[in-house]
Every structure is written in C-alpha cells, then in structure tokens.
Amino acid sequence: HDQQAAALMAASLGYHRRERKPFWWAHFDRLAAPADEWADTGDTLIASSVTLDADWHKATPRQRKLRRRVRLVGDFDTGSTLRPKDKVFLLYESPGPEGLPSGGAGTRSWSSAEVVERTVDPHFHDVLVVEELLQGDEHSSLPMAVTPGSPIPSTSLEAAIESAASAMCDQLPTLPRTAAVDVLRRIPPRTRSGAGLPEVEDADFAAAITAAVLDLDESYLAVQGPPGTGKTYTGSRVVAALVREHGWRIGVVAQSHSVVENMLDGIVAAGVPGDRVVKAKTKTADPAWTAVPDARSVASYLNASEGGCVVGGTAWDFTNPQCIEPGSLDLLVVDEAGQFCLANTVAVARAAQNLLLLGDPQQLPQVSQGTHPEAVDESALGWLAEGHGALPAERGYFLSLTWRMHPDLCARVSDLSYDGRLLSKTEVTSARALDGVLPGVHTVRVDHRGNATCSEEESTEIVGQVEKLLGAAWTGDPDMPARPLDEADILVVAPYNAQVASIRTALSAAGLERVPVGTVDKFQGRQAAVVLVSMTASALEDVPRGMSFLLSRNRLNVALSRGQWCAIVVQSGVLTDYLPTTPDALAELGAFLRLTGGCDDPATSPRPEARR
C-alpha cells in the first residue's frame, strides 16, 4: 500500500503535463499534415462550406478586440463534445492572414474563437457558428477547419500537487496521515474511535454517513450512489447536519459548476440558510444560496464567517490560496467522484481535513488524453472500488436502494454494473404501471447492413415504438391517477451524433418533436418512464471506435438506468454475431447478451392504436 501510494503521488506530479502533451502534438500535426491524414480528429470539423455571418465589429463599446461570426458546415467525428461557449481554434491554409501564429514556414496558421451555436442541417451535416477574435490586422480570409482550443491552464492544481508531494517526501519512509494519502493507499477510512464504520439502521444512510464523517481522523469516506438511489439527497442532508448541528465549514467541489450548484441547491433545501452557502462564478439564475463575484469574495466571506458554512467551487477554486486557505475546511465533499481523477483529488484535498467522496464509478468516466505510469487518471471512487461493481463495505457505503427503476429493470442493470447488489425500492417502483407494456429490458431486432453511425432503419423503428407507446395509461406516481403516456415520458438514446440527428428528423416528420433524443452524455441525471436505445451500427466491421465503445458497460448503464418502467434496445440482428479476440471483449459481449436476452416483445397484449 505505501509503495503504491508513493508511486501514485510521484505520477500525479506530471499528470497535467502529460494530459496536455497529446493535445499539442495533435495540434501541430494538424498544422502540417493533409486534412485527410490528421491523426487525432476528436472535436475537429473540416469545413465543406464557410460563410461570414457578421464581419469584424465590436458588439459593445467596452470590447477591446474586433470580432466576427463565421458559419462552418462539415461533419464531426463520433463523440464530439463541442457546445456553445467552448473555446476553439480556427485553422487557415498557408499562407494565412498576417499576425497569426503558425507551425512554421509552409504550415497552417490559427486564431482563437468561441462556439456560439451548434446545429445539424437537413442533410445531417454539422453546422457550427463561432465568434472569432481578431489577431493582427483585419482580413477577409476564411478558415478551413475548426479544432479544439487550448487546454485550461492548471497552474494552481499543479502547485497543490507539488506541495502534497513535498510533504510526503519530507516524512518518508513513513507517509503523512492525510485524507488524500489514505485514498492513495486504498486503506479503510481512519477513525478517531478506532472502530469501523457505523451500520446503516432502517435504511437511514444519511445518519450513518454523518456519524462516520464525524469520526474521521483526517481521512476519507466513500459513498457510491447508483442512479435513483438519492446520492444528492443523502449527501445534502449529511452536509446540512454537519453545518447546523456541529458548526462544520464544508466545501463542495466537482468537475463542473452545474454539478456543484445542484448540490448547493440540495443543501439549502435540507435546511442550511442561503446566507451560509456561498459560491463564485455562478451559472444558476437567482440561486437560493449566496452568489459572490470572485475568489477573493469567497475568501472574505470565509474570514468573516463564524460557525458552520458551505462554499462551492471547482478544483481551481479549492487549489487557489486566495480563495480557500489550505486546511481551513473541516470537510471537502467531492461530488461525482466517479469522474474526478486521483491526481485532482490529491490537489483539492489540501483544502480540508477530511474528504467525502460521492459518486458512481459505473457512470461515464472522466476523459483522459495522456499516458500515465500509474493510475492517476482513474477516478477516486473507481480506484477505491478496485474493479468491483459495488464499493467494498470497508471503504464506505453503497446506496443499495433505487427509487427509480422497476425491479425487473433494476435486476438487469444491477447484474450489468453493480455485482447484483443494487435493489429496487419495491413499495414505490412496483406501484407504477404502464398499460400493455412489460417492465424490464426488451430487445427489438431490425435487419440492416452497412450502417456505421446512422441507421434509417432503426430510426424508423424508434418512431414506430414511440407511436405504440404514446397514449398508454401510465401511473408514475401511486398517489396520482393514471394518465396517457406523453412524449416527454420517453427518452431516446443513440451512441452517435449522426443517429441522434436521424432519429430527430424521423420523429419530427411523424409529428413527435417533443420526444427528447440525445447521446448518454446529454441525459446523465435525467429519467423517464421508457428509454429507447438505438445501437445503430449493423455489424462488428461497421462499428466506429470499436465494440468496446458501443458495448461499454458504463454507457449502457447510464442509458438503461434512465428508465423507470422499461428500456427497449433496438439493434441489428447480426450486431453480436462475432467471436471476440480478447478476454475483455468476451466479457463485454457476454454482459450485453445477458442484458438483452429474454423477452423480445415489450407488449403484454395487443392494444388499440395509440393516441397522440
């Protein structure tokens, strides 16, 4: 354990540098190589047409730089995540406009821009509108491609990791008794009483977790919350109890502002006054908690605050000494710790005496670009789970009851991702009912050939399934009367953006524009009565990015677990007709076949044609 922890700490030192390296390699490769030979095409769009929406101008008198709006049409590769407000580069063929940086003589040059709008045209081509900032003199040249913008600077995170590593070196061969080191050592949480973690009584996880946190001796506690188990509800009540009853000063950190702010909303709803909860860089309009303008305002608030309080932010806030003084918090809550890497966990842990890791490593993982000598790119919860679907009991708590999924659906998801330990809250979930449709996971097989990222056959089948479902009597809340199933009660998930666009077009042509359609990335956190999943690709040889992407347990888990009543998987009849060549690929295929085996017909009996 100790040698492993030291190796992880050493690897954390270069984590951010190694994460940046592939980006800049790919960037300079794109400046010199022909566009059809680019090695890395993630989030890149080679324009088939470019038009000028607005020439150089200043939108307001206070703006210093001229800017213009450019519209580019092309095709993103599968898995593109660009969205409005993302920073991008615009590439120009050589010779480019004067004043722009380039990769050297005869190479392309680039400028900086921000995404304004991303849409899909009637021919399923991606359309990107960007606002370009002027560098150098005004020019009329138009770019040939959009590529990812610079990585976010990580200076404060790297400094925090360096400080933690220095502290470890100073104490070698013994290791510091800190929360981050306990996580790296993967030992059970260290308690002041010397006892193990409290038992959960009467399914009151919040009470057990609160008692466990109060007993921590500068250590960590992990809590795994699968979909529908009330992770945010439970976590917010733990924080509320610690603040109101014990006067703790607590931080909440996550990968994104939206996740942090969602937890802060829950904390206020759990009874912490809004003036005791603070956050800068607010994205929520008119929040119930206190929004302040910047990091210095957070520091001023903490310095003036007496008693318990909560401060929210991202990793940059909790590694910024001008915002949060190291060691000044009693507890740091890492929300969505199933997507928060070990290196960044080391960085932010210095802000507090103890860590509470909330999340689910069986959901979508954090995206990593670099190659690392140790598993510092793995999530904190994934590291502690150590390959198990459910967190080992000696390291924390597994929230084992989902209030979302019917027992028949839950059983499939539990077998797929949670070692069979996830159970359904039957008195709630079994009281729901959808007339004429069986609960659970169903498979609909459609004949098609040669489809990779778009399948019109599956899009047509999705429309047919939606039309059959609409109007069925749905009892979602046992205390409310049954009502006709509506378009908003269905989610449609596809693995590729092109198939998302195809399904939307087909639904729109059928007058079903209100049915939500997207990739799993869009729907994490959402739920609906029925989830329809389009697998899209026809066969192994057609699958872009390989079967490991299409049959990923994490992605399938997120998709299926959106459903309250059932999930319907639409796939090619020959999609799984292949022989895996590795043990991991065999396990993936076996898990998918178990998942989609059984009932192929979701209907219990014929019903009259559904009403719209």
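Overview of results
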quantity: Pairs with Cβ under 9 Å, 6+ apart, first in region 30-57 and under 15 Å from Ala113 (Cβ atoms), second among the hydroxyl-bearing types (Ser, Thr, Tyr) and not in a loop (DSSP other than H, G, I, E, B); calculated: Asp43/Thr147; Thr44/Thr147; Leu45/Thr147
quantity: Among the residues listed as Glu261, Glu245, the single one being without any contact (Cβ under 8 Å) to a residue 12 or more places away in the chain and of a type outside the set (A, V, I, L, M, F, W, C); calculated: Glu245
quantity: Within region 487-546, tally of residues that are closer than 20 Å to Gly476 by Cα and among the small types (Gly, Ala, Ser); calculated: 4
quantity: Test: Leu90 is buried (at least 18 other Cβ atoms within 10 Å of the Cβ) and either more than 30 Å from Gln499 (Cβ to Cβ) or touching a strand residue (DSSP E or B) at 6+ places or on another chain (Cβ under 8 Å) (or both); calculated: yes
quantity: Residue list for region 229-239, filter: surrounded by fewer than 24 Cβ atoms within 10 Å (Cβ to Cβ), in contact with a helix residue (DSSP H, G or I) (Cβ under 9 Å, 6 or more places away or on another chain) and not polar (S, T, N, Q); calculated: Gly230, Tyr233, Arg237
quantity: Counted residues, region 343-359 - those being buried (at least 24 other Cβ atoms within 10 Å of the Cβ) and either of a type in the set (Ser, Thr, Tyr) or assigned to a strand (DSSP E or B) (or both); calculated: 8
quantity: Criterion (in a helix (DSSP H, G or I) and buried (at least 16 other Cβ atoms within 10 Å of the Cβ)) met by exactly one of Ser166, Ser156; calculated: Ser156
quantity: Candidates Arg30, Arg83 - the one that is under 29 Å from the mean Cα position of the chain (by Cα), within 30 Å of Val520 (Cβ to Cβ) and surrounded by fewer than 12 Cβ atoms within 10 Å (Cβ to Cβ); calculated: Arg83
quantity: Residue in region 330-347 that is over 19 Å from Asn554 (Cβ atoms) and touching a Lys or Arg at 6+ places or on another chain (Cβ under 7 Å) present; calculated: yes
quantity: Test: residue in region 253-266 that is assigned by TED's automatic domain parsing to the domain that holds Val181, of a type in the set (Gly, Ala, Ser) and over 26 Å from Leu184 (Cβ atoms); calculated: yes
quantity: Residue count, region 418-462 (criterion: more than 30 Å from Leu391 (Cβ to Cβ) and part of a loop (DSSP other than H, G, I, E, B)); calculated: 12
quantity: Residue match in region 369-383 (condition: under 20 Å from Gly590 (Cα atoms), in the same structural domain as Ala222 (by TED's automatic domain parsing) and crowded, with 18+ Cβ neighbours inside 10 Å); calculated: no
quantity: Any hit, region 294-312, residues being in contact (Cβ under 8 Å) with a residue 40 or more places away in the chain, of a type in the set (Phe, Trp, Tyr), assigned by TED's automatic domain parsing to the domain that holds Ser379 and more than 15 Å from Gly235 (Cα to Cα); calculated: no
quantity: Top-ranked residue in region 62-76 [being assigned to a loop (DSSP other than H, G, I, E, B) and under 18 Å from Arg118 (Cβ atoms); ranked as modelled with the highest pLDDT]; calculated: Asp75
quantity: Filtered residues of region 466-499 (kept if without any contact (Cβ under 8 Å) to a residue 40 or more places away in the chain and more than 20 Å from Leu438 (Cα to Cα)); calculated: Asp479, Met480
quantity: Failed condition for Glu245, given (1) part of a helix (DSSP H, G or I); (2) surrounded by fewer than 23 Cβ atoms within 10 Å (Cβ to Cβ); (3) under 27 Å from the mean Cα position of the chain (by Cα); calculated: (3)
quantity: Matching entry among Asp317, Asp330 (being part of a helix (DSSP H, G or I), closer than 20 Å to Ile267 by Cβ and assigned by TED's automatic domain parsing to the domain that holds Pro365); calculated: Asp317
quantity: Positions within region 420-450 being of a type outside the set (Gly, Ala, Ser), under 25 Å from the mean Cα position of the chain (by Cα) and either surrounded by 20 or more Cβ atoms within 10 Å (Cβ to Cβ) or at pLDDT below 95 (or both), in sequence order; calculated: Leu422, Val441
quantity: Among the residues listed as Ala105, Ala39, Ala54, Ala59, the single one being assigned to a strand (DSSP E or B) and loosely packed, with under 14 Cβ neighbours inside 10 Å; calculated: Ala54
quantity: Given (1) within 29 Å of the chain's Cα centre (by Cα); (2) farther than 27 Å from Leu423 by Cβ, number of the condition Pro226 does not satisfy; calculated: (2)
quantity: Of all residues making up region 216-242, the number that are over 17 Å from Phe340 (Cα atoms), assigned to a loop (DSSP other than H, G, I, E, B) and touching a Leu at 6+ places or on another chain (Cβ under 8 Å); calculated: 3
quantity: Residue under evaluation Asp330, criteria (1) of a type outside the set (S, T, N, Q); (2) at positive phi; (3) surrounded by fewer than 21 Cβ atoms within 10 Å (Cβ to Cβ), criterion not met; calculated: (2)
quantity: Test set (1) under 17 Å from Ser414 (Cα atoms); (2) in contact (Cβ under 8 Å) with a residue 40 or more places away in the chain; (3) not acidic (Asp, Glu) - Leu593 fails condition number; calculated: (2)
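Condition check ((1) surrounded by 14 or more Cβ atoms within 10 Å (Cβ to Cβ); (2) more than 24 Å from the chain's Cα centre (by Cα)) across all residues:
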position	(1), (2)
Arg249	yes, yes
Ser258	no, no
Asp265	yes, no
Val277	yes, yes
Lys283	no, no
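Residue by residue, here is whether (1) within 29 Å of Asp521 (Cβ to Cβ); (2) not in a loop (DSSP other than H, G, I, E, B) holds:
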residue	(1), (2)
Tyr301	no, yes
Glu306	no, no
Thr371	yes, no
Glu394	no, yes
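The values are calculated or read from the model by the stated rules, or taken from the named source; none is laboratory data. None of these values were measured; they are calculated from a predicted model. With ideal geometry, Cβ positions are generated from the backbone for all residues, glycine too; neighbour counts draw on all protein chains shown.
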